[in-house]
Amino acid sequence: MAGSRGQVLLAAAARGAMCGLAGVAVMTAGEKVEQFLTKRPNSYIPARTLLTLLGQRPDDAQKPLVWNHVMHWGTGALLGSVRGIWAVTGIRGPLANTKHTVVRLAFDQTLENATGAGAPPTSWPGKEQVVDVTHKAVYSLATGLAADRWIRPVLESRRGTTSH
């Protein structure tokens, strides 16, 4: 990746978005296997969150599948772009993947709770919390592995490695 810092960051964000889409694909495959085994139904909270953000008032009976996919894949690409920027600036590896999982969980919960489409995870059954964290960790791991492999850390800085 050659060019100005801004161009390199933009290219890394674009590549990261593609890595995020790959991460969503891996997460979705895992979700479908888990749902087959546990008989857990699809959640439409992502769709209801997006529709609320767009000014609509979806009720809990609605199952807007297309909007669910738009939110699911769109969030994956958006947060994949963050992971791409991390990779190019040297924020990489298992610790970055763990932190990215927290970012993914926080992003989802912030939007779901701010819109009123979802409830705080602390109110969920423990099993549901484990399922959510596991699937988001799979997303972040797959996204991170792809980003760290495809995006070199050409903007890694050594400035600020001490507190003064």
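The values are calculated or read from the model by the stated rules, or taken from the named source; none is laboratory data. Small disclaimer: the values here were computed from a predicted structure and weren't measured. Neighbour counts are summed over all protein chains in view; Cβ atoms, including those assigned to glycine, are modelled from backbone coordinates with ideal geometry.
Candidates are the residues of segment 1-59 that are small (Gly, Ala, Ser) and at positive phi; the one that is modelled with the highest pLDDT is Gly55. Quick check on Ile85: is it at pLDDT 95 or above, over 30 Å from Gln56 (Cβ atoms) and assigned to a loop (DSSP other than H, G, I, E, B)? No, not satisfied. Regarding segment 27-49, can at least one residue be identified that is within 30 Å of Ala87 (Cβ to Cβ), among the charged types (D, E, K, R) and surrounded by fewer than 18 Cβ atoms within 10 Å (Cβ to Cβ)? Yes, segment 27-49 has at least one match.
Taking only segment 102-136 into account, find how many residues are hydrophobic (A, V, I, L, M, F, W, C) and surrounded by fewer than 14 Cβ atoms within 10 Å (Cβ to Cβ).
Going through segment 102-136, the residues hydrophobic (A, V, I, L, M, F, W, C) turn out to be 102-103, 105-107, 111, 114, 117, 119, 124, 130-131, 133.
Now drop any that are not surrounded by fewer than 14 Cβ atoms within 10 Å (Cβ to Cβ), which leaves 102, 106, 114, 119, 130.
Counting residues in segment 102-136 that are hydrophobic (A, V, I, L, M, F, W, C) and surrounded by fewer than 14 Cβ atoms within 10 Å (Cβ to Cβ) gives 5.
Tell me which residues, restricted to segment 1-41, are part of a loop (DSSP other than H, G, I, E, B) and either touching a residue at least 60 places away in the same chain (Cβ under 8 Å) or of a type in the set (Asp, Glu) (or both). Of everything in segment 1-41, those that are part of a loop (DSSP other than H, G, I, E, B) and either touching a residue at least 60 places away in the same chain (Cβ under 8 Å) or of a type in the set (Asp, Glu) (or both) turn out to be Met1, Arg40.
Do you know which of the residues in segment 75-98 that are farther than 16 Å from Ala142 by Cα and of a type outside the set (Ser, Thr, Tyr) is surrounded by the most Cβ atoms within 10 Å (Cβ to Cβ)?
Looking only at segment 75-98, we keep the residues that are farther than 16 Å from Ala142 by Cα, and these are 88-90.
Still in the running and of a type outside the set (Ser, Thr, Tyr): 88, 90.
On the way: Val88: 24, Gly90: 15.
Filtering segment 75-98 for residues that are farther than 16 Å from Ala142 by Cα and of a type outside the set (Ser, Thr, Tyr), the one surrounded by the most Cβ atoms within 10 Å (Cβ to Cβ) comes out as Val88.
For segment 137-164, name all the residues that are among the charged types (D, E, K, R) and in a helix (DSSP H, G or I). Listed by number, the residues that qualify are Asp148, Arg149. Find the residue count for segment 51-74, including only residues that are within 30 Å of Arg92 (Cα to Cα) and buried (at least 20 other Cβ atoms within 10 Å of the Cβ). Total satisfying the criteria: 2. Considering (1) free of Cβ contacts under 8 Å to residues at least 60 places away in the same chain; (2) within 10 Å of the chain's Cα centre (by Cα), the lone condition that Gly160 does not fulfil carries the number (2).
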